1. So, in the range 128-179, of the ones that are surrounded by fewer than 18 Cβ atoms within 10 Å (Cβ to Cβ) and hydroxyl-bearing (Ser, Thr, Tyr), which residue ends up nearest to residue 72 (Cα to Cα)?
2. Could you say which residue among 124, 114, 153, 130 is small (Gly, Ala, Ser) and under 20 Å from residue 71 (Cβ atoms)?
3. Which number in (1) under 18 Å from residue 94 (Cβ atoms); (2) basic (Lys, Arg); (3) more than 14 Å from the chain's Cα centre (by Cα) marks the one condition that residue 126 misses?
4. Take the residues in the range 3-37 that are exposed (fewer than 14 other Cβ atoms within 10 Å of the Cβ) and of a type outside the set (Ser, Thr, Tyr); name whichever of them is farthest from residue 60 (Cα to Cα).
Amino acid sequence: MTKTSELLSAAKLGDPAAESALFSLLYSDLRRLAHSRLKRSEPCTLLETTALVHEAYLRLHKSGYERVYDRAHFLAYAASAMRSIVVDLVRSRGARRGGGGTARLPDPESLPAAEREILRVDEALRDLSAVNGRLVKIVEMRYFAGMKEAEIAEALSITERTVRRDWEKARMLLATTLK
């Protein structure tokens, strides 16, 4: 059992020291993922790298590490969380307040082009998830988190060849949807 797996097991049992050690151990990986994600958001610069890392960590903490078994799963979950955080931020920034303090859906035309693109990609991924959830995970890990094919293959327990094939399939489907 690896150090990461041991710490994850202890964190699942509620050990705060293990959780802290886990975060320290994987912090540089999380920063790399966040930096890659935010680089794709420019020029709108939604968040700073550190803020995105900490927000993803908080979401992981709230989940109780239930869907995380090792380093690869941890990074895959972090990629998904970062996508969700960025999309939520874009939506909240674009939401218009109505009477009584209720938020309305964002008006896409009121958002900068980079933020509109984030919402379009997110919507296309939701549509794609109805067809093939693994393709969505690959897109999240590669596009949103900048993970390498080997990391994705490890996280999903598939071959790198399958990752490449699924990536191409996802790109074609998304290109058709985003036209």
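Bear in mind these aren't lab numbers, they're just calculated from the coordinates by the rules spelled out. Keep in mind the model is a prediction, meaning the values are calculated, not measured. Here the Cβ positions follow ideal geometry from the backbone for every residue, glycine too, while neighbour counts run over all protein chains shown.
1. The selected residue is 157.
2. Exactly one residue qualifies, and that residue is 153.
3. Failing condition for residue 126: (3).
4. Within the range 3-37, the match that is farthest from residue 60 (Cα to Cα) is 3.
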